[in-house]
Amino acid sequence: MSPWGAIVEEKPIDRGVTEMMAVFYAAGELSRRGWRVFLPVIRGNPDFDFMAEKGGDAHRVEVKGSRSGSLFIFGDKWYDAPHDLHSDLVVGVRAVEGKPVEYYVAHTSEVVADLKRGPNSEWAPWKRKGHYLDRWEKLEKGD
């Protein structure tokens, strides 16, 4: 039984909790790198998860999370109306138990292009680690 007793049941962590974990991992990593992170008070913004600012450069960041080897899942809007997307950057956070956390950083346009090439609504940036893994410089001006 959980130390919290009946308040917290012992069951698998659901997708919503995983996504929230990923948002905090990404926000923490950006803060560590000198970015000011603005998390919304109310969750559920369909366009992006938070804003990050450094030296006058600001980004709207969409975050995806995984606690396993599963792919990052995106909604239909990423295919049907990518021109309506409001995020600049995507950070995929892969936090598998017993392994270091991996951060995959991409411009929104890169993710849209990858999604169009692949099946369903799945993004697997670890297949192109050199292009996405820890590529935080994509947040800097001019990249």
- Query: Tell me, in nm to one decimal, what length is gained between Ser31 and Ile73 on full extension, where the rule is 0.36 nm per residue of separation less the Cα-Cα distance?
  - Reply: 12.6 nm
- Note on the structure: If Met20, Met51 are placed from fewest to most neighbouring beta carbons inside 10 Å, the sequence is Met20, Met51
- Among the listed pairs Lys99/Lys127; Lys54/Lys129; Lys77/Lys127; Lys64/Lys129; Lys77/Lys129; Lys54/Lys127, which are separated by more than 20 Å between their Cα atoms? Lys54/Lys129; Lys77/Lys127; Lys77/Lys129; Lys54/Lys127
- Query: What residues qualify as long-range amide H neighbours of Asp49, i.e. H under 5 Å apart, gap of 5 or more or another chain, H built at 1.01 Å from N?
  - Reply: Val61, Glu62, Val63
- Arrange the peptides 100-113, 126-139 so that the one whose residues have, on average, the most other Cβ atoms within 10 Å appears first. 100-113, 126-139
- Going by the alpha-carbon gyration tensor, a ≥ b ≥ c the square roots of its eigenvalues, is region 63-143 rounded (a/c under 1.5) or, if a/c is not under 1.5, prolate (a/b greater than b/c) versus oblate? oblate
- Mind running the shape call on region 19-97? Use the C-alpha gyration tensor, a ≥ b ≥ c as the square roots of the eigenvalues: rounded below 1.5 for a/c, prolate if a/b tops b/c, oblate otherwise. oblate
- How far is it, in nm, from the label point at Lys127 to the one at Met20 when both lie 7 Å from their Cα along the line to the Cβ? 3.2
- Item | region 18-62 shape via C-alpha gyration tensor axes, a/c threshold 1.5 | oblate
- Task: Excluding residues on the same chain fewer than 8 positions from Lys116, give the aspartates and glutamates whose Cα lies under 20 Å from its Cα.
- Result: Asp47, Glu62, Asp76, Asp80, Asp84, Asp88
- Query: What spacing in nm lies between the two simple spin-label points modelled at Lys116 and Asp84, each 7 Å away from Cα in the Cβ direction?
  - Reply: 1.8
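Values quoted throughout were computed directly from the atomic coordinates according to the rules given, and no laboratory measurement underlies them. Keep in mind that what you see is a predicted model, and the values were worked out from it rather than measured. Counting neighbours? That spans all protein chains shown, and the Cβs are built from the backbone with ideal geometry, glycine included.
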